[in-house]
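Please treat every number below as a calculation from the coordinates, not as lab data. Please read all numbers here as calculations on a predicted model, not as lab measurements. Note that each Cβ is placed from the backbone with ideal geometry, even for glycine, and that neighbours are counted across all protein chains shown.
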Amino acid sequence: MPPLKVLITGAHGLIGNLVYAHLAAQPETYDVYASARRAQPSHRAETMQFCPIPPDRLRLAEMSDFAAVQQAVQGMEAIVHMAADPDGRAGWESVLQNNIIGAHNLFEAARLAGVKRVIYASTNQVVFGYMSTEPYKSLLGRGFENLSPEEFPHIDHTQPARPLNDYACSKVYGEALAYMYAQTHGMSCICLRIGWVLSDDRLPHPRARSIWCSQRDIVQLVERCVSAPDSLRFDIFFGHSANEYNLVDIQHARDVLGYVPQDRAEDRL
């Protein structure tokens, strides 16, 4: 079979660029293109191991510009939608344009172009509201020693979202769009609630071990979504490493996608 045509939006961002590099290194399996708002990456690329994107593989598009998004997705079979304003402190206008209007533009353009699958980058922040109650509250403090990993009730994908900022709310909206397009238009739409992925691939402090994901684990999980059977119509998965005290459940990703995390936060302290 010919290589699968895949578009990575937000390919100048950390995770988008990691995914682009990983899939582009397998030309016999993936024919990979990238989308970004400008031709050159921002200064953030200087703080990470950036993979350059050849001009003939880069499609420029502001996600709020529907016509540009339509051009970017033409000819694609799958899209990994990473483009967004990821700052939880971002103002409403940025969230509206980049995350809400942008997500709707992406799904609608994908539908019109006949794209078979969209992997939507959501965030684990959609459940951060649970951390105001025990036992999750202890994960933000120093209560690890009083919790048993075997008995800890991980938050799973079936529980209601509890976002705490406009950014997380915009991702709940994106997940709802994914469900709608899967149910009403027959597209395969997979949501990834991604944990904290960092440019140096290490934990900034011990409290982060409940929400951390390594670079190679998130890249593996994205690829497993891209290559999942066509019968997977809609689902939600948490993207964390195999941390001892995960806030969320990753067994669902193991069971459905065959996800095998390689890293643990406890090894990166």
Could you compute the FRET efficiency for Arg38 and Glu134, with r as their C-beta to C-beta distance and R0 at 45 Å, rounded to 0.05? 0.50
Taking 171-179, 59-67 and ranking on average Cβ neighbours within 10 Å, highest first, one gets 171-179, 59-67
Loop-only check: which chymotrypsin sites (Phe, Trp or Tyr not before Pro) in the range 1-42 are DSSP coil with at most 16 other Cβ within 10 angstrom? none
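Quote the relative contact order of the range 166-269 in percent (integer), defining contacts as alpha-carbon pairs under 8 Å separated by 6+ residues. Write out the running numbers ahead of the final one.
Working: 154 pairs, mean separation 31.7, N = 104.
In percent, rounded to a whole number, it is 30.
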May I ask you to list the lysines whose Cα is less than 17 Å away from that of Lys5, ignoring any residue fewer than eight positions away on the same chain? Lys116
Taking every pair of distinct Cα atoms and averaging 1/r, then inverting, what Kirkwood hydrodynamic radius in Å comes out for the range 153-269? 14.9
The residues Ile79, Ile100, sorted from fewest to most surrounding Cβ atoms within 10 Å, come out as Ile100, Ile79
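Calculate, for Asp87 and Lys116, the FRET efficiency according to 1/(1 + (r/R0)^6) with r their C-beta to C-beta distance and R0 25 Å; round to the nearest 0.05. Write out the running numbers ahead of the final one.
Details: r = 31 Å, r/R0 = 1.26.
The pair Asp87/Lys116 has a calculated efficiency of 0.20.
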Please give the per residue volume of the convex hull enclosing the alpha carbon atoms of the range 4-267, rounded to a whole number of Å³. 123
Bin width 5 Å, alpha-carbon pairs only: give the P(r) of the range 143-217 as whole percents, running from 0 to the bin holding the largest distance. 3, 11, 15, 18, 21, 17, 8, 5, 2, 0
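Starting from the Kirkwood Rh over alpha-carbon pairs, what translational D in µm² s⁻¹ does the range 26-97 have by Stokes-Einstein at 20 °C and 1.002 mPa s? Walk me through the numbers before you get to the answer.
Values: Rh = 14.1 Å.
D = 152 µm²/s.
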Dipole axis of the chain (+1 Lys, Arg; -1 Asp, Glu on Cβ), positive-most option in Ile211, Ser64, His12: Ser64
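Give me the number: length gained by fully extending Asp156 to Ser94, i.e. 0.36 nm times residue separation minus the C-alpha to C-alpha distance, one decimal in nm.
Working: separation 62, 0.36 × 62 = 22.32 nm, distance 2.91 nm.
So the chain would gain 19.4 nm between Asp156 and Ser94.
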Which order do Thr9, Thr29, Thr158 fall in if you start with the one that has the fewest other Cβ atoms within 10 Å? Thr158, Thr29, Thr9
Just report the Cα centroid separation between the range 216-269 and the range 1-74, whole Å. 22
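What's the FRET efficiency of Ser199 with Ser231 using the Cβ-Cβ distance as r and R₀ = 45 Å, to the nearest 0.05?
With a Förster radius of 45 Å, E is 0.80.
Once you have the Cα-Cα distance between Ala25 and Met180, take 0.36 nm times their residue separation minus that, and quote the gain in nm to one decimal.
Working: separation 155, 0.36 × 155 = 55.80 nm, distance 3.30 nm.
That pair, Ala25 and Met180, stretches by 52.5 nm at full extension.
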